[in-house]
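These notes are about the structure you will find just below.
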Amino acid sequence: MIKAVMVMNTQGKPRLTKFYEFLVRKRQTQFSLFFFLPCLIRAENVSNFMEADSIFGPDSRLVYKHYATLYFVFVFDSSENELAMLDLIQVFVETLDKCFRNVCELDIVFNYSKLHTILDEIIFGGQVLETSSAEVMKVVEEISRQESASNSIGLVTKTVSGWRNR
Amino acid sequence: MALSGMRGLSVFISDVRNCQNKEQERLRVDKELGNVRTRFKNEKGLSPYEKKKYVWKMLYIYMLGYDVDFGHMEAVSLISAPKYPEKQVGYIVTACLLNENHDFLRLAINTVRNDIIGRNETFQCLALTLVGNIGGREFAESLAADVQKLLISSSCRPLVRKKAALCLLRLYRKNPDVVNVDGWADRMAQLLDERDLGVLTSSMSLLVALVSNNHEAYWSCLPKCVKTLERLARNQDIPQEYTYYGIPSPWLQVKTMRALQYFPTVEDPNTRRSLFEVLQRILMGTDVVKNVNKNNASHAVLFEALALVMHLDAEKEMMSQCVALLGKFIAVREPNIRYLGLENMTRMLMVTDVQDIIKRHQAQIITSLKDPDISIRRRALDLLYGMCDVSNAKDIVEELLQYLSSADFAMREELSLKAAILAEKFAPDLSWYVDVILQLIDKAGDFVSDDIWFRVVQFVTNNEDLQSYAAAKAREYLNKPAIHETMVKVSAYILGEYGHLLARRPGYSPKELFTIIHEKHPTVSTSTIPILLSSYAKILMHTQPPEPELQNQIWTIFNKYESCIDVEIQQRAAEYFALSRKGASLMDILAEMPKFPERQSALIRKAEDAEVDTAEQSAIKLRAQQQMSTALVVTDQRPPNGMPAQPSIGPLSLVKVPSETVDSQNPGDQGLTHPNGVVYKEDPQPPSQDIIGDLLGTLSIEGPPGAVAQSPQSATYEAEGAPSAADAAALVPVGEESGSVQPIGNINERFYALCLKDSGVLYEDPNIQIGIKAEWRAHQGRLVLFLGNKNTASLGSVQALILPPTHLKMELSLVPETIPPRAQVQCPLEVMNLRPSRDVAVLDFSYKFGPTMVNVKLRLPAVLNKFLQPITVSPEEFFPQWRSLSGPPLKLQEVVRGVRPLPLPEMANLFNTYRLTVCPGLDPNPNNLVASTTFYSETTRAMLCLVSSQLFIESSTL
């Protein structure tokens, strides 16, 4: 079972967190603190796995993937295959990429509700729900249509988010 | 999306982003929380749009790590909004903010249910997602049936059904007592025929949850899993969107293999063959390629295949292939694969007997200890720890010590603990152990817990041979300019106790010892000073006649500490001062410390506890449990020595011959008159495990001595003139005091387990462990008894006497009278089977530990089935042979009634463990089991035995 999904930037700012096990959430604040120190100093050619028992309790595994300014982190238990979890991060990111056309951190900051929608189509209650990013996109587009039917304003455009760039 | 157009929210997010530090961020967040709180208070004026906006803000703040303890009601109330955007926000935020025990969720149950049974698919999906994330007991009670309906409904789109599958999984996992899955096996099997890979993936997860709880009900799903796996592995008919970097849905492949790992075995030969073909293809066909994602995906599948092979205990051939692959992996460039290679090797240690093959990779594993990646280094450490045994302990522990000085701080504590445990467990000699621990303290004093140095002191105290060696070593370390405080403690203690043993050597005079210890005095903390004071007192005591100069120096120190604020120090100083003035009487009071009572090492106990803590129901561990429990069942149920437990022995009791007399009169007779022992059994009901015990018993031609109540081994005692011990536990304590030495584990269970396998522990108590390893060839056997002294003191008056029954010829080689501390001696024992019998040989073993004399009588597992050799018989041979045997005593038949059912595959397995070859397909009736074997004894030579077991339902026989 997947216990938590986290997206954060290289400075340790959370961009998305979702906990499938309630107890895990309590450790979150501690987590941001602990995780980032080792992560930042880690060399490039190391594995994507980290010890997580001390942070998330026994039988926790952690896999992360680094994309530009973001870290994508999955925490799960021994009932999941480590490399398959790594693949799932890739599916998540590829879906985001399709959705936002070259996703960047800003898209994620200002559209975090959309991230939730996408994540809910990939992971469901801690289990892998859908692994085809094409399928996920279909659903997400359908939801967008539903929304715009009752709400005429569309996505925050790149220009708007660009305007917010500091 | 929902967030878009909410300008207030965007502004808030960029404000938070622009905060320079955590403090500013907190202020901004507090301000916003205050704002939201006031708006919620005057709820009347809130439009749905505003409500939605504020709820999103709450979620954002929550995500940042702040507590949001209000507004839950508003989030929940949005669930019942009629329009999609508000409803969606309500569902998403509720699922994130609330947990399953939250009271407010009750308010939403009705709405959620209406959405689930309603017609709107998007609403159904939202509702299912909420239940799947935080659905608790009440949700399970009111919704499980509806969710089940959705899952199997043909009118639902895959989109809804796959969510229903996982939703059901969640409800079932959380409340297995509420969600009724009786009769789901058929439905599950149907679901596995699903063409849509999304639904199939979810269904497979559901299957994993169901089989992990009870695999018996889901045998019908097994072939379907294998089919699915075949379809994926051969890439047959897999839609493009489910192909990930050229690999057909790696997740589904992985899940399918997980599901298969919950079945104890694959019985059907065809299914098994197909499965192994697929596994072989995966194992052989995976290469390391350039594309990282493709690599990850293909190896995800590969590692799962490895796990499955380990589980299925394939032919040794495949197993060594797996180890070879893993050996390759731990040396590749790709760090993820190195990591998993090491981890899987560690797992492999747990499940199979491949230690020796793994040892070949020891050098590479040691290299991994220096990997740039800490995760990999940790895995390497775990693996080294797991694979360590007597043969390689020295190398491994020395590597660990060497690595200690360069290891990360985060790892040092674990590393030193592991090194200490290994050194203690597998020390080839005790001086090496002392060396290791002292080095450990020297190199990583900060990370060495007190337990470690207590333990080394205990060893030294209990072993006289070690004392002067340890004292010399301690003295060496004290020469170093800067040493860790723990080292000061150990050295001061050891030199105080045993420094006088070396007094003749240059540099070891009391005065010199005192000076060198006292040099460290200014650097130590209050916890060490009491130890120093004791050492000084002891040194002073050993200086006879007293040297006035030394005496004055030490008295000055005692005087100084007499007014110390620390009670312990003050007390010692005052007492030692007073005592040291008493002259000769000092000798008794400050004499050497007595030996420590033997106890389990605190370190090892700690390590064991830690293992228990992390115990988790992973497939492998579950399997280990299953194995253990079936072993227990088999042995537990088997009555001692194959004695039938049921009072109704049937026709069999008629042919039993009292063995003792007949045997001694005409020993050759048995073999001549009974060339073939045949048992014919008719089971009115499917048999229970008990039967095998009986079966084994009845296989022998002669019976135990007439009276059923008397157990055969007590007969042996009588035959040998030993007191007739009715104690079935086979433990006969001699004298009262030996009652204090209790065996560890159940002796009976150990014996029964050994009847089925050829190596294991026969007996264990706090002082000694007796292991056994056996090889059998025809009517001869060679056993080796491993007598291992677990103590740090030697065991004396060791005596081992074999009390063989008349049908066995046994010769035990010389057993040494003493077993040195922590040593293991091997005593070969030759066995020859003269004729068939069910009697059991007994080992009368005794030793002396301190004043305690311990005597145990142990049954030796040289039992009848050890002299069997499986043989396959063709139908042309079997039935003519079978028919040629007319009746008792050549052909025995027994009907066992009223026994618990045992599935046929397990029955067949049991037969095989007793070295009876089951000949499948020989008997056209699938309910019948036919088996054959050869029995060897000196008088009978090879003797063919045929067994047929038939199951009848009670009604048909009546």
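One table, with the values for the structure above:
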{"read-out": "Where a label projected 7 Å from the Cα of B:LYS83 along Cα→Cβ would reach, residues of region A:94-118 with amide N under 19 Å", "value": "A:113-114"}
{"read-out": "Cα gyration tensor shape for region B:395-494, rounded if a/c is under 1.5, else prolate or oblate", "value": "oblate"}
{"read-out": "Distance from region B:245-306 to region B:116-148 (C-alpha centre basis), Å", "value": "33"}
{"read-out": "Environment charge at B:GLN799 (Cβ cut-off 9 Å; Lys +1, Arg +1, Asp -1, Glu -1)", "value": "-2"}
{"read-out": "Spin-label pair A:ASN9/B:GLU413, simplified geometry with 7 Å Cα→Cβ offset, distance in nm", "value": "3.5"}
{"read-out": "Rounded, prolate or oblate (a/c below 1.5 giving rounded, otherwise prolate when a/b exceeds b/c) for region B:260-397 by Cα gyration tensor", "value": "oblate"}
{"read-out": "Formal net charge of residues neighbouring B:LEU229 (Cβ-Cβ distance under 12 Å; K, R +1; D, E -1)", "value": "+4"}
{"read-out": "Backbone HN-Hα couplings from phi across region B:448-464 [Karplus 6.51/-1.76/1.60, Hz, Gly and Pro as x]", "value": "8, 6, 4, 3, 5, 7, 4, 5, 5, 4, 4, 4, 5, 4, 7, 10, 4"}
{"read-out": "Order of B:MET907, B:MET853 under a 10 Å beta carbon neighbour criterion, fewest first", "value": "B:MET853, B:MET907"}
{"read-out": "Exposure proxy ranking, count of Cβ atoms within 10 Å, fewest first, for B:HIS215, B:HIS500", "value": "B:HIS215, B:HIS500"}
{"read-out": "Efficiency of FRET from Cβ geometry, B:LYS227 and B:PHE70, R₀ 51 Å, rounded to 0.05", "value": "0.45"}
{"read-out": "Where labels lie 7 Å past Cα in the beta-carbon direction, separation of B:ARG234 and B:GLU317 in nm", "value": "2.1"}
{"read-out": "Simple label model, 7 Å out from Cα along Cβ direction - B:GLU216 to B:ILE604, nm", "value": "3.8"}
{"read-out": "³J(HN,Hα), Karplus 6.51/-1.76/1.60, whole Hz, each residue of region A:104-118, x for Gly, Pro", "value": "9, 4, 4, 4, 6, 4, 8, 10, 5, 5, 5, 4, 4, 4, 5"}
{"read-out": "Distance from region B:29-103 to region B:520-585 (C-alpha centre basis), Å", "value": "71"}
{"read-out": "Theoretical FRET efficiency, 1/(1+(r/R0)^6), r = Cβ-Cβ of B:THR243 and B:LYS44, R0 60 Å, to 0.05", "value": "0.65"}
{"read-out": "Shielding score for A:72-84, defined as the mean number of other chain Cβ atoms within 10 Å", "value": "6"}
{"read-out": "Cut-off under 5 Å, modelled amide H: who pairs with B:ARG859 long-range", "value": "B:LEU843"}
{"read-out": "Likely footprinting exposure, B:ARG17, A:ARG15, fewest C-beta neighbours within 10 Å first", "value": "B:ARG17, A:ARG15"}
{"read-out": "Inter-centroid distance (Cα atoms) of region B:378-435 relative to region B:917-941, Å", "value": "50"}
{"read-out": "Calculated FRET value between B:GLU141 and B:THR271, using beta carbons and R₀ = 60 Å, to 0.05", "value": "0.95"}
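Values quoted throughout were computed directly from the atomic coordinates according to the rules given, and no laboratory measurement underlies them. Just so it is clear, the structure is predicted and the values come from calculations on it, not from any experiment. A quick note on method: Cβ atoms are made from the backbone with ideal geometry, for glycine too, and the neighbour counts reach across all protein chains shown.
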